[in-house]
Amino acid sequence: MDSSNLRNQLDQVKEGASEQDEADEDLGNETETTTDESATDSKTETADPSETTGPAFAAQTSKKLSIYPNEETARLIKVLCNSVENNLIALGHDDFEVREAHDAMVRFAHEHPQKVTELVLEARDLDPDAVDDLP
Amino acid sequence: MEPQTSQNGVVAVCILKGGMGKSTIAINLAHRLQKNHGKTVYVDVDKNGHGTEFLGFGEAYNKNGQLENVIFRDTHPSELLIETEWGFSVVPSSTEMSTINDRMKNQMNADVILKNEIVDPLRGEGYEYVVLDTPGDPSKVADNALVAAQSFIVPVIPGQGSISGLERIMESQLLPIIEATDGAADILAITPNMLSESIRPRKPDRRLLEDLNENWVDYLPQYARITDEQWEQIDDQGRGDIPLPGIRERDALSDSFTENKPVAEYDSSCDQIKHFDTLAGIVAERA
């Protein structure tokens, strides 16, 4: 492109660009709060439906972790993600991101520590019902 | 009018902001240039040395004296070259880069030192393409890299400050070079990077893509272009067969660096490799 055109183009977009950064800043704040579970719930109840589409949190706010499941169990993560994606598509949401399922898995497990303990016992061939004896 | 670039095969991946994925773009661009077009060297002049570390050459990064000898004495830059198993060569960054930056300020012709001492001699060694991975902050080394390249690829990511980083480097560094060379220097591409979300309204990815398509479409590679009609279709009927714009975040891209490899060597099925091929094609044609 001609260099004088580029200078003019830059001058023209500068004002618009600063507006966008302000808007992104607002959105960044919103994204951070939606990672909080209670905030997500209240948002879902009150927000305009079009605002609830898309992943609940940005990739930039996700954390990469290593987990160490058994080899066969690891395969199930992909299977589960595919199922969730298919379910969402069936509900009209074609924008599933894997991190959303990972996030939900952690939250789900966190809400059911007793069940997780049962599964750990079961994998060791111990009696899963022993959790009922917990104080 | 199609820009007339200096046609020296040298390209700088640059933006005055960190965290934009410059090294990811630069390394994979170098790999695809080597694979598809000709002998390529990746030169890391970012003092952080992320690209060098990514490729597993941390030891070279910590070695003292060599780079300084090339820049300020008569040592040939081929002494710095690391041959890789992926075809392209690497000139690693160095912990000395900050010192070198300070010393550059006191030299005659302070902006053409990298060109004279590294880039031109390497081209003399038969490298058809030189990819410069530049620092994310203003510095004499950054000025040198841009003057040596005269062809620029600018990566931007969704979210805060990205567009203003683009604006900053254009105004303070790229435009002065482009104007001084009467358009021989040019921006080859502004590429979105690390896209990760849906392109529905009000999402950061959407904002970035709308901004780039509205204001800088001439510089957007085909993989990032979305027309007004396509936006309408996306909003009314869903994305359908409109491909998701690139370059997108992929596990293969981040994991490839843990394994110290360009992405195509780590996972040849990664769907973003084709975008690096597109960038390499642009460089081969115009840089």
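The values are calculated or read from the model by the stated rules, or taken from the named source; none is laboratory data. Note that the structure is predicted; figures quoted are calculated from it, not measured. Ideal geometry is used to build each Cβ from the backbone, glycine not excepted, and the neighbour counts take in all protein chains shown. The protein model used for the area step is the full one, side chains on, heavy atoms only, and it has no ligands, DNA or RNA in it. Shrake-Rupley method; radii C 1.70, N 1.55, O 1.52, S 1.80 Å.
Among residues belonging to region A:67-98 that are in a loop (DSSP other than H, G, I, E, B) and closer than 20 Å to A:L119 by Cβ, point out the one that is nearest to the chain's Cα centre (by Cα).
My answer is A:I67.
May I ask you to list the residues in region A:53-72 that are surrounded by 12 or more Cβ atoms within 10 Å (Cβ to Cβ), among the polar types (S, T, N, Q) and modelled with pLDDT of 80 or more?
Once the filter is applied, which keeps residues that are surrounded by 12 or more Cβ atoms within 10 Å (Cβ to Cβ), among the polar types (S, T, N, Q) and modelled with pLDDT of 80 or more, region A:53-72 yields A:T61, A:S62.
Looking at B:R286 and the list (1) buried (at least 20 other Cβ atoms within 10 Å of the Cβ); (2) touching a strand residue (DSSP E or B) at 6+ places or on another chain (Cβ under 6 Å), which single condition is not satisfied?
Exception for B:R286: condition (1).
Might you check whether a residue that is over 21 Å from the mean Cα position of the chain (by Cα) and of a type in the set (A, V, I, L, M) occurs anywhere in region B:270-282?
No, every residue in region B:270-282 fails to be over 21 Å from the mean Cα position of the chain (by Cα) and of a type in the set (A, V, I, L, M).
Give the residues of region B:15-28 that are part of a loop (DSSP other than H, G, I, E, B) and open to solvent by less than 20 Å² (accessible area, probe 1.4 Å), sorted by residue number.
B:I15, B:L16, B:M20, B:G21
Evaluate the following for A:D103: is it farther than 30 Å from B:R200 by Cβ and out of contact with any Cys (no Cβ under 6 Å at 6 or more places or on another chain)?
It is false that A:D103 is farther than 30 Å from B:R200 by Cβ and out of contact with any Cys (no Cβ under 6 Å at 6 or more places or on another chain).
Output the residues belonging to region B:57-77 that are closer than 30 Å to B:T278 by Cα and surrounded by fewer than 16 Cβ atoms within 10 Å (Cβ to Cβ).
Result: B:G58, single match.
Any idea how many residues of region B:143-171 are out of contact with any Leu (no Cβ under 8 Å at 6 or more places or on another chain) and part of a helix (DSSP H, G or I)?
3
For region B:234-256, which residues satisfy the criterion of being over 26 Å from the mean Cα position of the chain (by Cα) and either of a type outside the set (S, T, N, Q) or at pLDDT 90 or above (or both)?
B:I234, B:D235, B:D236, B:G238, B:R239, B:G240, B:D241, B:I242
Specify the residue that is most open to solvent (accessible area, probe 1.4 Å); the eligible residues are those in region B:181-211 that are farther than 18 Å from B:L244 by Cα and more than 9 Å from chain A (Cβ to nearest Cβ).
Result: B:A184.
Would you confirm whether any residue within region A:106-118 is buried (at least 18 other Cβ atoms within 10 Å of the Cβ) and at pLDDT 85 or above?
Yes, region A:106-118 contains at least one residue that is buried (at least 18 other Cβ atoms within 10 Å of the Cβ) and at pLDDT 85 or above.
Looking at (1) free of Cβ contacts under 8 Å to residues at least 40 places away in the same chain; (2) under 18 Å from B:A189 (Cβ atoms), which one does B:Q222 not meet, given that it meets all the others?
It fails just one condition, (1).
Suppose the filter is open to solvent by less than 10 Å² (accessible area, probe 1.4 Å), touching a residue at least 60 places away in the same chain (Cβ under 8 Å) and either more than 11 Å from chain A (Cβ to nearest Cβ) or within 20 Å of B:D218 (Cα to Cα) (or both); does B:I169 pass it?
For B:I169, the condition - open to solvent by less than 10 Å² (accessible area, probe 1.4 Å), touching a residue at least 60 places away in the same chain (Cβ under 8 Å) and either more than 11 Å from chain A (Cβ to nearest Cβ) or within 20 Å of B:D218 (Cα to Cα) (or both) - is met.
Among (1) at the interface with another protein chain (Cβ under 10 Å from one of its Cβ atoms); (2) modelled with pLDDT under 75; (3) open to solvent by less than 40 Å² (accessible area, probe 1.4 Å), where does A:S18 come up short?
(3)
In this structure, is B:D241 assigned to a loop (DSSP other than H, G, I, E, B) and either open to solvent by less than 60 Å² (accessible area, probe 1.4 Å) or within 13 Å of another protein chain (Cβ to nearest Cβ) (or both)?
Considered against the rule, which asks whether it is assigned to a loop (DSSP other than H, G, I, E, B) and either open to solvent by less than 60 Å² (accessible area, probe 1.4 Å) or within 13 Å of another protein chain (Cβ to nearest Cβ) (or both), B:D241 comes out as yes.
So, in region B:249-273, of the ones that are touching a residue at least 60 places away in the same chain (Cβ under 8 Å) and either open to solvent by 60 Å² or more (accessible area, probe 1.4 Å) or among the β-branched types (V, I, T) (or both), which residue ends up farthest from B:H50 (Cα to Cα)?
B:I273
Suppose the filter is buried (at least 17 other Cβ atoms within 10 Å of the Cβ), within 11 Å of chain A (Cβ to nearest Cβ) and part of a loop (DSSP other than H, G, I, E, B); does B:G246 pass it?
In short, no.
Check A:S50 against each of (1) assigned to a helix (DSSP H, G or I); (2) at pLDDT 50 or above and name the one condition it does not meet.
(2)
Among the numbered criteria (1) on the phi > 0 side of the Ramachandran plot; (2) in contact (Cβ under 8 Å) with a residue 12 or more places away in the chain, which one does B:I242 miss?
Every listed condition holds for B:I242 apart from (1).
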